[in-house]
Amino acid sequence: MRITRCLSMAIVVLCCLGLLFQTAALAETKPKAAFNFAKFPDMSDFDPNNPMPLKGDTIKIAVVASHSGPAATVGEIYYISVLWAAHIANKQGGLMVDGKKKMVEVIKADTQSKPDVTKKVTERMILQENVDFLWGTNGSHLQKVINQVADKYKKISVNAASLSDELQEGGDFSRYSFMCTFSTEQIGRGIAYYYGQIRKKEKKFYILCQDYLFGHSMAEGFKKGLKEYYPEAEIVGEDYHKLFLTDFAPYLTKIQASGAEVVYTGDWIPDAANLLKQARQMGIKIPFADIFMDEPRFLQEVGIEGTKGIVNLAQYGNGNPAFKSEDQIKYYKTWLNLWKTKWQAPYNTVLYNHGTGNIGAYIGSTLWLLSVVERAASTDPEKIIKVWEGDTYQLPNGQVLEMRACDHKQITPLSVNEYVPPEEQKQSFNIAPYYWFNDFSNVGPSTLLPMDKVVPKADPNLCK
C-alpha cells in the first residue's frame with residue numbers, strides 16, 4: 001500500500017516537473033506563429049456598428065455571450081474584440097480554407113445569461129447557422145453548456161473568457177474545447193505569490209466572490225495559493241453573493257468589521273462596478289485584488305483616490321513599458337484613432353479607447369484561432385486540433401501563448417498591475433500623454449510573475 005502511494009506521488013511530481021520545464025521552454029522558444037505587423041492592413045473602415053458586408057461561403061464564428069440583460073456590456077466587449085480580429089483577416093483577403101479563400105463572419109448568439117437559453121442558441125448556431133466555431137463566454141456554468149454542445153456536434157469551442165479549471169478536467173474535458181484564457185487556480189496562486197513573495201505587506205484577506213462555479217473556484221485557487229506562497233497570511237472572512245447583486249452593504253459591513261487589509265474578488269461587471277462604488281460610498285478604502293475591476297467607466301465614477309491601490313492580475317501584458325516597438329505603437333494608435341474619430345455608441349465611451357487589457361486578450365485569442373485556421377488550411381475540427389495542440393503564438397504586444405496538448409489549457413506569463421495616480425502611470429504608458437487615464441488611477445507598476453509559479457493546474461489523468 002505504501003509503495004503504491006509512493007509511486008503515485010512520484011508520478012505526480014514527475015508530471016509537475018515536466019510542466020515546469022515546458023513552461024520555462026515557452027519563454028525561450030521561438031513561437032510557431034506570430035502576429036505579422038508587415039501584413040497589418042488599413043483598418044480605417046473598421047466600424048463595430050457596421051461590419052464589412054460579406055458574400056458567399058464564409059468562416060463563421062458565433063460569439064455566444066450575454067448580448068442582452070444586465071451583463072450586455074460583456075457581450076459588447078466580446079463582439080468588438082472578435083470582429084476586430086476578423087476584420088484584419090478579411091482586409092488581408094480572407095483565409096485559404098480547403099483550397100478556397102474565405103472571409104470571416106462574426107455572428108452574435110445571445111445567451112441572456114441563462115443555461116437553458118445557452119443550450120438552445122448554441123445548438124441553433126450549429127444546426128441552422130452552420131457556424132464553424134463557438135466563441136464564449138461570461139460564466140463558467142454557461143461555458144460548460146457550450147462545451148457540451150460542441151462536443152456533441154464535434155465543433156471547436158473557443159473558451160476565451162470562462163476561467164474555471166474544471167472546464168478542462170475529468171469528465172468535463174473535451175478534445176473539441178480549447179481554453180484560451182488564464183484560469184482560477186492560476187489567478188489565486190498568482191495573487192497569493194505577489195502578496196506573499198513580492199509585496200510582503202498585507203496579511204489579512206477577505207474573500208468575496210459570486211455564488212456559482214467560477215466564484216467558488218476563484219476562492220479555492222486563492223486559498224491554495226496562500227497555503228503555498230503565503231502561509232502566514234490570514235483569511236478573516238469569506239462570502240459568496242448572487243449574480244447581479246445591487247446591494248453590497250451587508251457584505252461590506254462585515255468586511256469593514258473584519259480587519260481585512262485586502263478584499264480578494266473575482267466579480268465581473270456589473271457586480272464589480274457596484275461592489276467598488278458602494279465600498280467607496282461607505283467610506284471603505286480597503287484595496288481590492290481582482291481580475292475584472294478594470295472597467296474604465298465605473299473607475300471614472302470612483303475617481304483617482306478611490307481607485308488608487310487596486311491590484312489587478314492581468315492575462316494580457318508583457319511587463320513595463322507597455323509599448324516596446326514602433327510596430328506596437330502603430331497597432332495601438334490605429335485602434336485609438338478609430339475610437340476618437342469614428343465609432344458611435346456603445347463603442348465611443350472610455351471603456352473602448354485603448355483596446356488593451358481584457359479586450360486585448362480577447363482579440364489575442366481570436367487572432368490565435370485564425371492563425372490556426374490559416375495554418376491548418378481548413379475549418380475541419382480534426383485538422384484544427386492537430387495544429388492547435390502544442391502550438392505557440394505571439395500576440396501583437398509580444399506576449400507568447402502556448403496551448404498545452406494534454407488538456408487544452410493556455411500557458412502564458414501573467415502580470416500584476418498596481419493602480420496609481422495619472423502622474424505615476426508613465427512607467428507603464430511610455431508614449432504621450434504618458435498616462436492611461438487622467439481622471440482615475442490605473443496601471444503603473446507592472447510585475448511579470450515567474451512562469452513556473454503560475455502554470456495552470458493539470459489533471460494528472462490527462463497530463464501524464
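The values are calculated or read from the model by the stated rules, or taken from the named source; none is laboratory data. Remember, predicted model here, so these are calculated numbers, not experimental data. In this analysis, Cβ positions are derived from the backbone assuming ideal geometry, glycine residues included, and neighbour counts consider all displayed protein chains.
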Within the stretch 327-361, tally of residues that are in contact (Cβ under 8 Å) with a residue 12 or more places away in the chain and either under 16 Å from TYR434 (Cα atoms) or assigned to a helix (DSSP H, G or I) (or both): 23
Test: residue in the stretch 246-267 that is over 22 Å from LYS203 (Cβ atoms) and of a type in the set (Asp, Glu): yes
Hey, ASN358 touching a Pro at 6+ places or on another chain (Cβ under 8 Å), under 28 Å from TYR193 (Cα atoms) and polar (S, T, N, Q) or not: no
In the stretch 147-165, the residues that are buried (at least 20 other Cβ atoms within 10 Å of the Cβ) and not hydroxyl-bearing (Ser, Thr, Tyr): ASN147, VAL149, ALA150, LYS155, ILE156, VAL158, ASN159, ALA160, ALA161, LEU163, ASP165
Every residue from the stretch 100-149 that is outside any helix (DSSP H, G or I), more than 25 Å from the chain's Cα centre (by Cα) and without any contact (Cβ under 8 Å) to a residue 60 or more places away in the chain: LYS100, LYS101, LYS102, MET103, GLN128
Conditions (1) aromatic (Phe, Trp, Tyr); (2) buried (at least 23 other Cβ atoms within 10 Å of the Cβ); (3) assigned to a loop (DSSP other than H, G, I, E, B): number failed by TYR195: (3)
Residue that is farthest from the chain's Cα centre (by Cα) [pool: residues in the stretch 279-301 that are buried (at least 21 other Cβ atoms within 10 Å of the Cβ) and assigned to a helix (DSSP H, G or I)]: ALA279
Residues located in the stretch 198-220, provided they are part of a strand (DSSP E or B) and of a type outside the set (Ser, Thr, Tyr): LYS204, PHE205, ILE207, LEU208, CYS209, GLN210
Considering residues of the stretch 69-127 that are hydroxyl-bearing (Ser, Thr, Tyr) and within 21 Å of LEU338 (Cα to Cα) only, the residue modelled with the lowest pLDDT: THR73
Subset of the stretch 327-347 [loosely packed, with under 14 Cβ neighbours inside 10 Å and in contact with a helix residue (DSSP H, G or I) (Cβ under 9 Å, 6 or more places away or on another chain)]: LYS330
All positions within the stretch 363-380 that are under 15 Å from LYS102 (Cβ atoms) and among the hydrophobic types (A, V, I, L, M, F, W, C): LEU369, LEU370, VAL372, VAL373, ALA376, ALA377
Odd one out for GLY306, checked against (1) outside any helix (DSSP H, G or I); (2) touching a Leu at 6+ places or on another chain (Cβ under 9 Å): (1)
Odd one out for LEU20 among (1) touching a helix residue (DSSP H, G or I) at 6+ places or on another chain (Cβ under 6 Å); (2) of a type outside the set (Lys, Arg); (3) over 30 Å from SER378 (Cβ atoms); (4) modelled with pLDDT of 95 or more: (4)
Filter result (touching a residue at least 24 places away in the same chain (Cβ under 8 Å), in a helix (DSSP H, G or I) and surrounded by fewer than 20 Cβ atoms within 10 Å (Cβ to Cβ)) within the stretch 255-278: GLN256, SER258, ASN274, LYS277, GLN278
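For the condition in the same structural domain as MET293 (by TED's automatic domain parsing) and crowded, with 22+ Cβ neighbours inside 10 Å, what is the one hit in VAL454, VAL443?
Just one listed residue meets the conditions, VAL443.
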Leading residue by the ranking (surrounded by the fewest Cβ atoms within 10 Å (Cβ to Cβ)) among those in the stretch 211-254 that are touching a Cys at 6+ places or on another chain (Cβ under 6 Å) and under 16 Å from GLU166 (Cα atoms): ALA219
Among the candidates GLY94, GLY75, GLY56, residue that is in the same structural domain as TYR362 (by TED's automatic domain parsing), surrounded by fewer than 15 Cβ atoms within 10 Å (Cβ to Cβ) and either touching a strand residue (DSSP E or B) at 6+ places or on another chain (Cβ under 9 Å) or touching a residue at least 60 places away in the same chain (Cβ under 8 Å) (or both): GLY56
Any hit, the stretch 379-390, residues being in contact (Cβ under 8 Å) with a residue 40 or more places away in the chain, over 17 Å from ILE269 (Cβ atoms) and of a type in the set (Lys, Arg): no
